[in-house]
Amino acid sequence: MFLELDGTVAGPLVACKVNIQDFNYVASNKRLSKTIDNLQYPHITFQIDAAMGKPMYDWIKASVSGGGGGGARKSGAIIMADYNYKELARISFQNALITEVGMPKLDAASSAPGTITVTIEPESTSRTFPSKPNQLSKPRQKAWLCSNFRLKIDGLRLAADPPKIGPVILINRPSPPGISTRLVSMLVDPSDLSFFTDWQSGLYCSGAPQEAGERTCTLEYLDPDGLPLFTVTLSAAGVFRLTAQDAPPGAPKPYMAELYVEGWDWETEITP
């Protein structure tokens, strides 16, 4: 499968799920062959990796930077191809908005490939089958593992570097009334617990304005050479909750830290 944006193939898809709400079969010129027209989808979700082209990542940046609720709309298509990279069918979408971007769980001990999950909501869709199959280029391979990352928190030097980090979900929807923050989770090593408890105490118990204790967190997703592929900057972050996790008998318990975040920004270093 491939993703096409504004008439240009942006790159390969790792997976794709189209949530079908309704569709109509429309006979064409009274022949037996049929075309599916005017499909209505509430959303399309697909997974991409580091082999995806820069136009896709620029679209993500335009959509999620600043914390959500805006962003550019694009038209394009999900292209299905055979093993020889010849187009079999496509689902075209018009004026789609990225509503959610999910970054994977991160763990320095993991050997799992890293993928980004993107959900879009198009205004309209249609499915077509080419009369002459288009030949697509063989996709590039670009390694990216969930163990390749770096975390920076202003004013904190973590003893256990890097920690385990839960999925980071970037939402591009207006927040409900009274809600201006989202939660991001990370597993805190016992050796770093004091940093997070002090941070939490400074937010709620110091008597100073809460904003004075908020920090900026930077997550860098790295290639095998340690160079940044993507950077997600979480602004106005604070410790919302610390929860003890299970551990073997006699071993220090790790803690799950939930951080509230008011905004985020996205940068990519991938070249076209």
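Derivation of every value follows stated rules applied to the coordinates shown; laboratory data play no part. Since the model is a prediction, treat every value here as computed from it, not as a measurement.
Here are the numbers for the structure shown:
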quantity: Length gained when the stretch Ala244-Ala15 is fully extended (0.36 nm per residue, less Cα-Cα span); calculated: 79.0 nm
quantity: Gyration tensor verdict on the range 126-243 (Cα atoms; rounded if a/c is under 1.5, prolate if a/b is larger than b/c, oblate otherwise); calculated: oblate
quantity: Proximal aspartates and glutamates relative to Lys138, as straight alpha-carbon distance under 16 Å, when same-chain residues fewer than 8 apart are discounted; calculated: Glu4, Asp49, Asp82, Glu87
quantity: Full-extension gain in nm, Ser131 to Ala159, via 0.36 nm per residue minus C-alpha separation; calculated: 4.1 nm
